[in-house]
Amino acid sequence: MTPISRRGFVALGAGVAAGAVLPQEAGGATIATTASATTTTGTVKDVKHVVILMQENRSFDHYFGRLKGVRGFGDRSGITLAGGQPVFNQPNGLGRQHPWKLSSTPAAGGVDGETLAQCNGDLPHSWSSQHSAWNKGRLDNWVSGVGNVRTLGYLDRTDIPFHYALADNYTICDAYFSATLSATGPNRTYLWSGKVDSSSSDGGDESGLTWEAYAEALQRAGVSWKVYQNAGDNYGDNGLAYFKKFTDAKAGDPLHDRGMGSVPAVTGSTPDDIAAAIKADALAGTLPQVSWVVANQAFSEHPYAPPGDGAHFVDLVYRALAADPDTFNSTVLFLNYDENDGFFDHVPPPAPPAGTAGEFLNGTPYGLGFRVPMLVMSPWTRGGWVSSEVFDHTSVLRFLETWTTAIGKPASCPNISAWRRKVTGDLTGVFDFANPVYGMASGLPATKVIGISTCGPLPNPAPQTNALPAQETGTRPARALPYQPNGNLDRLEFGTSGKILAWFGMANQGSPARSAAHFSIHPNAYRSTEPWQYTVDPGGMAADFFNIGTGYGAGKYDITMVGPNRFQRRFTGDATKAGKSIEVAARYAAAPDTGKQAIWFKLANTSSATVTFTVKATNYRADGPWTYSVPAGGSTEDYFNAVAGQNGWYDFTITADSDTTWSRRYTGHIETGISSISG
């Protein structure tokens, strides 16, 4: 395997014996805890402690593409690449390659495929390689941009059972994005402070930063905080060490003692020492209100560091918090990952419109970055939920802002850009504070230490199969979302000299629309396939046009509109044919038979002859198709229940007998402000 390039392969033996301080019960059974005796309010004020554990370098699809009920390999709303291939079938030299299971690699170097998967080496993940893989939003350059087909390698439940068990017991966020298309340092700077500066463009580690880190805001507001780490064995992952005030601080200064100091060395193992310090503070009632936990390299999950060892460290932290039931039952543990290490993810990250303040470097957007895992463990996130609300690393700071304000000690972060505050949430939507489930989750699998020393040097895994992986069957409960995207191709406008404009409308309307929704429009053919980016405020609308005339398809078009939570519209046709005189407009409104929200289609025909439209359920329904004869110059409208029978999900394709090139596909979810089921 290629040596780690970013910070070096260090401390191979550190923590190999981890687990001695807080062992699991025989067979991996979990320790029962009691309900909190603290008086509750049913609001965010019931949170007493927030613990943030950011691990290293894993993408969402790489870890959870096969997990049931999330937006993974079974996603029906994936974008289309140039040439018509689905996003999962990536170019690979002269051929193509689907995601492939790392542990399917045959035994080599005296070890089996499972060990090779745990020991998979890291990939390029700098500013340049990340932006190259992103390819201005096309997501079609993963193998070439990253420089290795291992970008498409993934793990699943058999490889990372503890991570999957946490998702099955708590809440996973499948629209949580890293903050920037860059490396660890800049992404951690976003987590600790809300922004980066131009020096982050090279993807390197941060140092000497001079703006305010969020810990300073907590200190000023009187909110207790601490970093749990071994400062000499933290893999450079303490984001406060990137800031000059903290590196200059002396012993006795809270910035030094809480932000730069080390936990007591009692075992000789960094993971065990961290867990022991957390446990001691939980039992003594001195756990800070906000804690950051920083692993060492061997337990960070950075490639070469086995994910199984990272699971062991997460379990140590989880059990340390559970040593005191009242502490555990009033704590939120955020487990996220700084960036994707170059591993593939299929969901286009929201990007700012050109010129957005604080979001561009020399005309290139900082982010959002690719999706990374986020698991939220607390009494208010139990039950195997999924949230598909858009978040990034600054959302953690937004949660702290909301929470500290609620408890009367507001600590704000002025560094977060206005655009990020619009398009990303504050994470409160993943919680149900009215219905806590106290105690530890039962049946979490036992973890064990593989040891980073096992991992070098070994052959890297190589693909053995080339087919779209099957995602686990089944759904999971889904949290309500704060937006309601809709979109249509509103009209075709014919100009002189062969100019034809296709006008698109985007809307974010309805009672759930409390946050801005990000849209992107992707030309699939006939012109540059770089998507255009839009941000639509709650209750708002936006419109734009694409020239589909001379020089851009001569009337032919194939364009996809993408929004949050699997929202998609696809419009195909030829404006020189009969389809130029027909159109569909979708809207949401109550169905007269059920009173519940439905999607309505208005079928319009401005031609001189009758047209028969056919509406077919592409997914979610087994009935139909439905046909509508619309006379010349006429229109008709009909509704299709989605909330009443399909948990709000719809996926319809509409065609017309007058023009075989013309089609419209409408995919998405109707939000009602209440919880639903994943699609």
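So who's got an amide H within less than 5 Å of the one on N92, skipping anything under 5 residues away but keeping other chains? H placed 1.01 Å off N, in plane. For N92, the qualifying residues are Q97. Our coupling estimate for the range 562-575, obtained by passing each phi through the Karplus curve with A = 6.51, B = -1.76, C = 1.60 and θ = phi - 60°, is 10, x, x, 6, 6, 5, 7, 10, 10, 10, 10, x, 9, 5 Hz, Gly and Pro reported as x. When you count the other C-beta atoms within 10 angstrom of each residue and take the mean per peptide, 61-68, 39-46 line up highest first as 61-68, 39-46.
Modelled this way, with points 7 Å down the Cα-to-C-beta line, the labels at A284 and F545 are 7.0 nm from one another. If you look at the Cα atoms of the range 207-338, you get an Rg and a Dmax of 14.6, 40 Å.
In the structure displayed, which of K244/K279; K195/K245; K48/K409; K556/K577 lie more than 19 Å apart, Cα to Cα?
Too far apart for the 19 Å limit: K244/K279.
Using the Kyte-Doolittle scale, find the helices of the chain whose mean hydropathy is at least 1.6 and whose Cα atoms extend 15 Å or more along the helix's long axis, counting only whole DSSP H runs. Don't skip to the end; give the middle numbers.
Numbers: long enough: 270-284 (21 Å, 0.46); 307-322 (22 Å, 0.36); 394-406 (18 Å, 0.30).
What comes out of the filter, once short or polar helices are dropped, is none.
In order along the range 667-679, phi translates into HN-Hα couplings of 10, x, 9, 8, 8, 10, x, 10, 5, 9, 10, 5, x Hz, rounded to whole numbers, per the Karplus curve 6.51 cos²θ - 1.76 cosθ + 1.60 with θ = phi - 60° and x for Gly and Pro. Percent of alpha carbon pairs in the range 379-458 separated by more than 22 Å? Result for the distance tail: 49 percent. The candidates F545, F313, arranged from most to least accessible area with a 1.4 Å probe in the full protein assembly, appear as F545, F313. The alpha carbon centroids of the range 594-614 and the range 255-327 are separated by 59 Å.
Taking 12 Å as the straight-line reach from the Cα of K616, the aspartates and glutamates in range (excluding those fewer than 8 positions away in the same chain) are D651. Computed from the C-alpha gyration tensor, the three semi-axes of the ellipsoid equivalent to the chain are 45, 27, 24 Å, from longest to shortest. Per-residue Karplus couplings for the range 461-472, computed as 6.51 cos²θ - 1.76 cosθ + 1.60 with θ equal to phi - 60°, are listed in order as x, 9, x, 10, 10, 8, 8, 4, x, 7, 7, 3 Hz, Gly and Pro entered as x. Each distinct pair of alpha carbons in the range 462-571 adds a 1/r term; the inverse of their mean, the Kirkwood radius, is 16.0 Å. Rounded to the nearest 0.05, the FRET efficiency derived from the C-beta distance between A434 and T364 at R0 = 45 Å is 0.55.
The values are calculated or read from the model by the stated rules, or taken from the named source; none is laboratory data. What you see is a predicted model; the values in this text were computed from it and never measured. For neighbour counting, all protein chains shown are included, and Cβ atoms are generated from backbone atoms with ideal geometry for every residue, glycine included. Side chains are part of the model used for accessible areas, which takes the heavy atoms of the whole protein and leaves out ligands, DNA and RNA. Shrake-Rupley method; radii C 1.70, N 1.55, O 1.52, S 1.80 Å.
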